[in-house]
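The values are calculated or read from the model by the stated rules, or taken from the named source; none is laboratory data. In this text the structure is predicted, and so the values were computed from the model without any measurement. Positions of Cβ are generated from backbone atoms using ideal geometry, with glycine treated the same way; all protein chains shown enter the neighbour counts. Please note that ligands, DNA and RNA were not included when accessible areas were found on the heavy atoms of the full protein model with its side chains. Shrake-Rupley method; radii C 1.70, N 1.55, O 1.52, S 1.80 Å.
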Amino acid sequence: MREKQALEIAKQECTALTFNDLRLRTGYSKVMPANVSLKTKFSRNVSLEIPVASAAMDTVTESRLAIELAKLGGIGVIHKNLGPEEQARHVARVKNHLNGRIRTPIRVYEDETIGDILKRREEKEYGFHSFPVISRADSTLVGIITATDFDFCGKEDMPKKALEVMTRGPRTAKSDTTLNDAYGIMREFKIKSLPLVDAQNRVVGMYVLKDVKRIMERSALTYNLDNQQRLRVAAAIGTDKEALERLEKLVAECVDVIVIDTAHGDSEPVYETLKTIKKNHPKLDVVVGNISVGDSAKRLADAGADGIKVGQGPGSICTTRIIAGVGRPQVSAVYDCARATESYEIPICADGGLVNSGDIPIAIACGAYSVMMGSMLAGTEESPGDIVFYKGRQWKRYRGMGSLSAMEQNKGSRDRYLQEESAKDRLVPEGMDGLTPFKGRLETVMHQYVGGLRKGMGYVGAASIEELRDKGEFDRITHAGLAESHPHDIEVTVEAPNYNRGRL
Ligand code: IMP
């Protein structure tokens, strides 16, 4: 990545800049926005189809949003204000959503009743109806129960055993069957589920037609998938006592990335936690944050972080800079950290402070591989929480993880701000609790954000994220320049779907 003159000069003056201080310069371009590649990385081994991650916040990312975001090519970080089991369940929902190949299909025993199976399905919130049936004696496959079998079960069939209802001796395939081959077999024999078995006829996987077809027909072209065709997902942990228990549960559900989510990533408990994770799970990618200084980034890189999250105080709900007097305007923070870790090739994620789509190319041009958004994704249909009516408009709640209410309710929040042991009336919040306009479907919102990024790349003449990081050159702008950038001298009468006046 080239040196950025505007940021270097600011640095010499001990001035730190943020999004509203800069705009990208346009340049000669052969690049059509529709054709740019948005592929990038969230961490050393985890790629993204678009450079967007969703914040690990309880009003932003649970499984519903993480599924939709991964389908659009990004990654969701499941927040940690959930108990360890519940957080792991959210991860499992994302990982099992597509089921290109189900690694450990949920099996039922031959002597379980239909009533019990349906009850378990409801309790565990399984979204599917196909269950391989196995022998109680030696766990070998004896049959399969599918949606069709359940459809023909009336109330009087609830006490019947799986054995009486299942299809016996279903067609199976070997454990190394590829998605392509599975699709061929399913079409040839007109079957919707294909269990995979080992030499002893034990179930070692399964393909389900709906998902296989979706992937084969390439409607999944934008999906962010792991090498087993499952949607990618990340999850946050802290540095508290339960962090390692949480970690094991998340790993058991095949989480792709662990994010050590703290307000100060360059601190001793974070290094200890990173060391332990790397010792116990050397192949698991760990993103660590948050920091805002190049030296901190270098220390984390040396300690083995697979990704670094930058942002201390830029968040829309954040009061850290006001309460503690610390932090750094985000563009300079990202640039400094990216420059310091250039030789490590560890992806930097620019976390917080983005308001409009134009902030994405700016964050990338100053060195980020991806951005993390809170407020820009909160208030979508898929984010947690209900729609609230206030002053004649629809809103959703959006709160900081360090807000008083979040810390009062949740240990996960208190841990992020190092107040795990504090009594409720002694908490010192670092965030606010409020409302954000209801934004509609995530897909619609993301279309605008990604559209803005593509346009920015077209203007700069960057055909890829890598090129934008390298080529993007900035002008520092004045307050007059910023005012000129926004709509002016007009009474706006029609809202645009992609414009937020923000913090003018
Ligand atoms: P936003 O996109 O500007 O809304 O910022 C979201 C980011 O703010 C998150 O990803 C966190 O890094 C950070 N954050 C979340 N909660 C708090 C808080 O209570 N205080 C400070 N920062 C927070």
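Report the residue count in the stretch 319-373 for those that are in contact (Cβ under 8 Å) with a residue 24 or more places away in the chain and either among the aromatic types (Phe, Trp, Tyr) or part of a helix (DSSP H, G or I) (or both). So the answer is 23. The single condition among (1) surrounded by fewer than 20 Cβ atoms within 10 Å (Cβ to Cβ); (2) out of contact with any helix residue (DSSP H, G or I) (no Cβ under 8 Å at 6 or more places or on another chain); (3) of a type outside the set (Lys, Arg) that residue 381 does not satisfy is (2).
Here residue 97 passes the criteria (1) at pLDDT 95 or above; (2) touching a Lys or Arg at 6+ places or on another chain (Cβ under 9 Å); (3) open to solvent by 10 Å² or more (accessible area, probe 1.4 Å) except the one numbered (1).
For the stretch 153-193, residues that are assigned to a helix (DSSP H, G or I) and basic (Lys, Arg) total 2.
Listed by first and then second residue, the pairs linking a residue in the stretch 416-434 that is open to solvent by 40 Å² or more (accessible area, probe 1.4 Å) to a residue that is near the ligand (Cβ under 9 Å from one of its atoms) and assigned to a loop (DSSP other than H, G, I, E, B), with Cβ atoms under 6 Å apart and 6 or more places separating them unless they lie on different chains, are 429/402; 432/317; 432/400.
Taken together, the residues in the stretch 407-449 that are part of a helix (DSSP H, G or I), acidic (Asp, Glu), away from the ligand (no atom under 13 Å from the Cβ) and over 30 Å from residue 356 (Cβ atoms) amount to 1.
The single condition among (1) buried (at least 18 other Cβ atoms within 10 Å of the Cβ); (2) within 36 Å of the chain's Cα centre (by Cα) that residue 143 does not satisfy is (2). Which residue is surrounded by the fewest Cβ atoms within 10 Å (Cβ to Cβ), if the candidates are limited to the stretch 327-349 and must be over 19 Å from residue 398 (Cβ atoms) and within 11 Å of the ligand (Cβ to nearest atom)? Filtering first and then ranking leaves 327. Of the strands (runs of 3 or more DSSP E) lying entirely inside the stretch 214-295, those carrying at least 3 residues that are over 14 Å from residue 76 (Cα atoms) are 285-291. Scanning the stretch 467-502 for residues that are in contact (Cβ under 8 Å) with a residue 40 or more places away in the chain and part of a helix (DSSP H, G or I) yields 468, 469, 470, 471, 481, 482, 485. Look at residue 304 and say whether it is more than 16 Å from the ligand (Cβ to nearest atom), within 24 Å of the chain's Cα centre (by Cα), in a loop (DSSP other than H, G, I, E, B) and small (Gly, Ala, Ser). Answer is yes for this residue. A single entry from 256, 266, 226 fulfils the requirement of being of a type in the set (Asp, Glu) and surrounded by fewer than 20 Cβ atoms within 10 Å (Cβ to Cβ): 226.
Out of the residues in the stretch 121-140 that are among the hydrophobic types (A, V, I, L, M, F, W, C) and under 39 Å from the mean Cα position of the chain (by Cα), which is farthest from residue 203 (Cα to Cα)? The qualifying residue farthest from residue 203 (Cα to Cα) is 128. Tell me yes or no: at least one residue of the stretch 388-397 is under 24 Å from residue 309 (Cα atoms) and either modelled with pLDDT of 95 or more or open to solvent by 10 Å² or more (accessible area, probe 1.4 Å) (or both). The answer is no; no qualifying residue exists. Residues that are more than 14 Å from the ligand (Cβ to nearest atom), of a type in the set (D, E, K, R), modelled with pLDDT of 95 or more and within 21 Å of residue 42 (Cβ to Cβ) occur in the stretch 258-275; there is at least one.
Determine, yes or no, whether residue 78 is open to solvent by less than 20 Å² (accessible area, probe 1.4 Å) and of a type in the set (A, V, I, L, M). Here the answer is yes, as residue 78 does meet what is asked.
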